[in-house]
Each structure stands twice: as structure tokens, then as C-alpha cells.
Amino acid sequence: MFRGNAAVIILPLLLMGFIFYGGYHYLNTSDQLTNEELDTVMSLVVEASTSGDKHTINGYWDWKEMPVDGVLGYDYIGVKFVDEEQHSVDPELISGSKLELLHGEQVIYETEGTIVHDGIIFEFPNEVQEHIGYGNKGSFEIVLGSALYSGNEVSISYLHTWEEHGSFSFEHARFSNVNIDIEHWIIERFTTIPTQ
């Protein structure tokens, strides 16, 4: 009965088996990123510019991928201004600071930084609300209104956490020696404010 039509039955079954195996293999071997590995793919770019006595520090970050273990908690960006002798600079000379979280090109969250004795700290949420990720992409801008900063070194620390926790209070804007008791990692970038 099936001798003449065996190819018509066997070939579609083989094709369905091959497609099933290929899909199963793809799903099991695709790269899935966790919060702990996020620092390996995250992009953090910092630029400094000068126009007269006004200095601007801009930073941009993008995670590129969302971690499979979800997003939760808060992230922090600390910007420390250091003079040539490695002394802390008076943060009262900061004219303005702004951090924006982005979804595509749309601003979905905005905050100002908190001034500490050696710089400024931004705190922002990591969460997903109605399929929109908060914290995975954003930018910050700090405007300094003094020629005193020309040529100064600036350190930028990005601290990422992925556990539920209350807000942290930091005394220093650089997080390289921070001691917190939850899962986290820190990325640091350094730049120099150009002289005119």
C-alpha cells in the first residue's frame, strides 16, 4: 500500500525531525547572559569637553543584552573630581548634573546627582515595568563651572547590583573600595578634562 508513496511520507517526517532537532540545539546552545557576566558586554563611554570656563563630562552606557536572571535593585554611578596633587575638589563648583534612563531614544526616567565631598553620585533603578527595562541604557551629564578643573583627572565608577536592597549611602564618589554585602560588580573609567 505505501510502497509507491514511501518517499512522500518519509521525507516530511525526516524534515520535521531535522527542524525539531535544529531548534532544540539552537535554544540549548544560544548565549544567555547573567547579571554576573553583564560587565563583559556592557558599553560605558565617557567624554570630557571644555568651552571657556565651562567643563562638561558626558557618559553613556548600554548593556547590549538583558540578563536572563532579571533586573532588580539599584545601580550607582560615581564621578570623582581629582586635582593634580590627588586631593579632593570642592563639589560646590558643580553647576549641574543630570542622569537619564532611555528606552530606545525616549527618556523614561530622570534624576539629579547627590553631591558628596569628593564628587557626585547618581542612583537609579533596575527593573522592568510593562516590558520596558529601566537601567539598561542611559546617559549622564555633569557641568562644572570653574577654570579650576582644567587638566584634572576624573574617575567614573559604575556599580551594578542585582539583588533587592534599600538605598545605599556612599561617602565617596569612587566605588573601587566599596564594601557592600550583596552581589555586585564595578566598572571604572578615567578621563582628563581638557585644557583650553
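Yes/no matrix, rows are residues, columns are (1) within 32 Å of the chain's Cα centre (by Cα); (2) exposed (fewer than 10 other Cβ atoms within 10 Å of the Cβ); (3) aliphatic (A, V, I, L, M); (4) at pLDDT 75 or above:
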{"site": "Met1", "(1), (2), (3), (4)": "no, yes, yes, no"}
{"site": "Pro12", "(1), (2), (3), (4)": "no, no, no, yes"}
{"site": "Leu15", "(1), (2), (3), (4)": "no, no, yes, yes"}
{"site": "Ile19", "(1), (2), (3), (4)": "no, no, yes, yes"}
{"site": "Gly22", "(1), (2), (3), (4)": "no, no, no, yes"}
{"site": "Leu27", "(1), (2), (3), (4)": "yes, yes, yes, no"}
{"site": "Ser30", "(1), (2), (3), (4)": "yes, yes, no, no"}
{"site": "Leu38", "(1), (2), (3), (4)": "yes, no, yes, yes"}
{"site": "Met42", "(1), (2), (3), (4)": "yes, no, yes, yes"}
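Regarding Phe175, is this residue of a type outside the set (S, T, N, Q) and either in a loop (DSSP other than H, G, I, E, B) or not assigned by TED's automatic domain parsing to the domain that holds Leu44 (or both)?
Numbers: of a type outside the set (S, T, N, Q): yes; either in a loop (DSSP other than H, G, I, E, B) or not assigned by TED's automatic domain parsing to the domain that holds Leu44 (or both): yes.
It is true that Phe175 is of a type outside the set (S, T, N, Q) and either in a loop (DSSP other than H, G, I, E, B) or not assigned by TED's automatic domain parsing to the domain that holds Leu44 (or both).
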Conditions (1) modelled with pLDDT of 90 or more; (2) over 27 Å from His160 (Cβ atoms); number of the one not met by Tyr60: (2)
Residue satisfying all of: in the range 94-151; surrounded by 20 or more Cβ atoms within 10 Å (Cβ to Cβ), in a strand (DSSP E or B) and of a type outside the set (Val, Ile, Thr); modelled with the lowest pLDDT among these: Gly119
Glu164 touching a residue at least 60 places away in the same chain (Cβ under 8 Å) and not in a strand (DSSP E or B): yes
Residue, modelled with the lowest pLDDT, within the range 68-82, restricted to residues that are in contact with a Gly (Cβ under 9 Å, 6 or more places away or on another chain) and among the charged types (D, E, K, R): Lys80
Val154 out of contact with any Leu (no Cβ under 7 Å at 6 or more places or on another chain) and buried (at least 19 other Cβ atoms within 10 Å of the Cβ): yes
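The values are calculated or read from the model by the stated rules, or taken from the named source; none is laboratory data. It should be emphasised that the depicted structure is a prediction, and the values quoted were computed from it without experimental measurement. Every residue, glycine among them, receives a Cβ derived from its backbone with ideal geometry; neighbour counts consider all protein chains shown.
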